[in-house]
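See below for the structure under consideration.
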Amino acid sequence: MMPRDSAEPGQRDDAYETLLSRDTERAEMQIRLAKEQIQLCRRQQTETSFRIQLLKARLDDPAAFEF
């Protein structure tokens, strides 16, 4: 195994670029995941709002919801 300092400068640059690329890809995936989670939360908020509206309507006019 070669000591770290004995690696060729080009090899160190390549290794650094590989690590940087992987870290960048990981960060981009985390951003995409966060955006998806935000979108899911917004949809859940909308669903909850609709459920509340429906419950209020049922309280205001229970006969309208009899089947």
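Bear in mind that the values in this text are calculations on the coordinates, not laboratory data. Bear in mind the structure is a predicted one, so any value in this text is a computation, not a measurement. Quick reminder, even Gly has a Cβ in these numbers, built from the backbone with ideal geometry, and neighbours come from all protein chains shown.
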Problem set entry | Estimated FRET transfer efficiency when R0 is 25 angstrom, pair Cys41-Phe65 (beta carbons, to 0.05) | 0.30
Exercise. What is the helix-to-structure angle for 9-60, meaning the angle in degrees between its Cα long axis and the longest Cα principal axis of the chain, kept from 0 to 90 and rounded to the nearest 10?
Worked result: 0
For this session: List the extent of the Cα atoms of the chain along each of their three principal axes, largest first, rounded to whole Å.
Result: 84, 17, 16
